[in-house]
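The values are calculated or read from the model by the stated rules, or taken from the named source; none is laboratory data. Since we're looking at a predicted model, the values are computed, not measured. No Cβ is skipped: glycine too gets one built from the backbone with ideal geometry, and neighbour counts run over all protein chains shown.
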């Protein structure tokens with residue numbers, strides 16, 4: 001089978017979507033399929049290379065992500081002719097993929113991570129005009145008739161169905177997770193203790209949260225809960241590790257200003273390399289995920305795998321994917337969040353049987369979709 005991926009971002013760009021498509025593409029190649037991907041040319045990358053069997057074609061977009069929807073069209077039309085089907089994802093890769101599929105009469109599958117219609121103002125720090133524009137663009141996206149919609153969680157699938165997409169055209173395929181890498185034995189307890197001392201929190205109850213500083217991650221609520229937590233847990237410390245702040249300057253600066261109100265409680269720390277993230281998680285007494293929206297929730301799986309108690313909001317897919325030691329709080333409810341963290345500090349947590357999300361199941365799920373589209 002010859003499959004063409006059209007994705008705005010791909011490795012070495014890092015995020016949940018990129019983790020999915022790198023593992024999916026390479027997994028499909030291992031099963032004997034031929035995979036090509038059209039993506040954005042990033043600084044330091046080549047216009048074409050083959051990585052782990054995946055042929056990667058990169059298109060220069062002049063550092064403007066929205067141009068990918070237009071500048072990728074010639075390459076999509078050329079490679080679509082050689083493909084059996086096209087795989088794409090929300091948002092900027094979807095229009096050229098759909099156009100290429102229709103022009104070459106090939107089936108096209110769309111992966112949906114999150115549906116933000118009616119919520120753009122809540123989950124972004126965009127201006128009113130930019131918010132309205134993105135709301136309109138997302139609505140227009142779901143007017144394009146894709147042959148299949150693969151949702152990364154049941155929560156996302158339910159949101160998609162509310163947009164009028166036919167139920168029979170949707171399927172839930174959970175992302176996979178690298179359990180070998182996230183084996184807790186890979187992360188030294190001694191190194192975790194050294195990290196606590198380095199950050200001067202070795203004698204405190206450490207709450208950790210991390211991710212990109214986008215508004216949808218809810219970090220503003222995590223910071224605002226600081227005084228309430230201090231009353232319940234006098235020796236509390238909140239560590240907030242933010243990645244790629246340069247892409248979210250407005251919200252990053254806002255979070256820094258908020259954190260400066262509580263210097264004895266909140267520390268914004270630099271992002272660690274991915275290979276060291278497990279040690280940072282192991283150094284925490286509690287992981288907090290205050291998200292306002294979450295399509296899948298890799299942070300939850302990472303905390304669960306390390307075995308650190310997790311306090312997560314009830315937003316999006318989080319109730320679906322969490323397991324192990326955890327408590328859920330009502331999203332944006334500071335009192336409920338403080339109460340749940342206090343329970344964790346007292347050793348009172350729920351235990352949910354472990355759930356596993358294997359990459360093999362993910363790849364097989366997509367292959368089943370592709371075979372149905374090609375009627376194999």
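Worth a mention:
- The lone exception for residue 305 - which of (1) buried (at least 21 other Cβ atoms within 10 Å of the Cβ); (2) under 16 Å from the mean Cα position of the chain (by Cα); (3) over 25 Å from residue 116 (Cα atoms) it fails: (2)
Conditions (1) touching a helix residue (DSSP H, G or I) at 6+ places or on another chain (Cβ under 9 Å); (2) over 30 Å from residue 157 (Cβ atoms); (3) free of Cβ contacts under 8 Å to residues at least 40 places away in the same chain; (4) surrounded by fewer than 19 Cβ atoms within 10 Å (Cβ to Cβ), marked per residue:
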| site | (1), (2), (3), (4) |
| --- | --- |
| 37 | yes, no, yes, no |
| 46 | no, yes, yes, yes |
| 53 | yes, yes, yes, yes |
| 77 | yes, yes, yes, yes |
| 105 | no, no, yes, yes |
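- Filtered by the rule that a residue be part of a loop (DSSP other than H, G, I, E, B) and surrounded by fewer than 22 Cβ atoms within 10 Å (Cβ to Cβ), the stretch 223-249 gives 233, 234, 235, 243, 244.
- Put simply, of 181, 126 the only residue that is in contact with a helix residue (DSSP H, G or I) (Cβ under 7 Å, 6 or more places away or on another chain), assigned to a loop (DSSP other than H, G, I, E, B) and not assigned by TED's automatic domain parsing to the domain that holds residue 320 is 126.
- Given (1) touching a strand residue (DSSP E or B) at 6+ places or on another chain (Cβ under 9 Å); (2) at pLDDT 95 or above; (3) within 21 Å of residue 105 (Cα to Cα), index of the condition residue 46 fails: (3)
- Residues satisfying the criterion are absent from the stretch 199-215 (criterion: at pLDDT 95 or above and either outside the structural domain of residue 317 (by TED's automatic domain parsing) or part of a helix (DSSP H, G or I) (or both)).
- Scan of the stretch 275-301 for residues that are more than 19 Å from residue 255 (Cβ to Cβ) and assigned to a helix (DSSP H, G or I), ordered by number: 275, 276, 277, 278, 279, 281, 282, 298, 300, 301
- Screening the stretch 79-100 for residues that are in contact (Cβ under 8 Å) with a residue 40 or more places away in the chain and in a helix (DSSP H, G or I) and picking the one that is nearest to residue 295 (Cα to Cα) gives 94.
- Of the residues making up the stretch 329-347, those that are part of a loop (DSSP other than H, G, I, E, B) and in contact with a helix residue (DSSP H, G or I) (Cβ under 9 Å, 6 or more places away or on another chain) number 4.
- Meets criteria (assigned by TED's automatic domain parsing to the domain that holds residue 147, over 21 Å from residue 182 (Cβ atoms) and surrounded by fewer than 21 Cβ atoms within 10 Å (Cβ to Cβ)) for residue 370: yes
Per-residue answers, yes or no, for (1) over 18 Å from residue 111 (Cα atoms); (2) in contact with a strand residue (DSSP E or B) (Cβ under 6 Å, 6 or more places away or on another chain); (3) modelled with pLDDT of 95 or more:
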| residue | (1), (2), (3) |
| --- | --- |
| 273 | yes, no, no |
| 282 | yes, no, yes |
| 286 | yes, yes, yes |
| 297 | no, no, no |
| 308 | yes, yes, yes |
| 327 | yes, yes, yes |
| 347 | yes, no, yes |
| 358 | no, no, yes |
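- Residues (surrounded by 14 or more Cβ atoms within 10 Å (Cβ to Cβ) and in a helix (DSSP H, G or I)) located in the stretch 134-153: 134, 135, 137, 138, 141
- Filter pass, residue 312 being assigned to a strand (DSSP E or B) and under 26 Å from residue 111 (Cβ atoms): yes
- In the stretch 55-74, the residues that are surrounded by 19 or more Cβ atoms within 10 Å (Cβ to Cβ), in contact with a strand residue (DSSP E or B) (Cβ under 6 Å, 6 or more places away or on another chain) and not in a strand (DSSP E or B): 61, 68, 72
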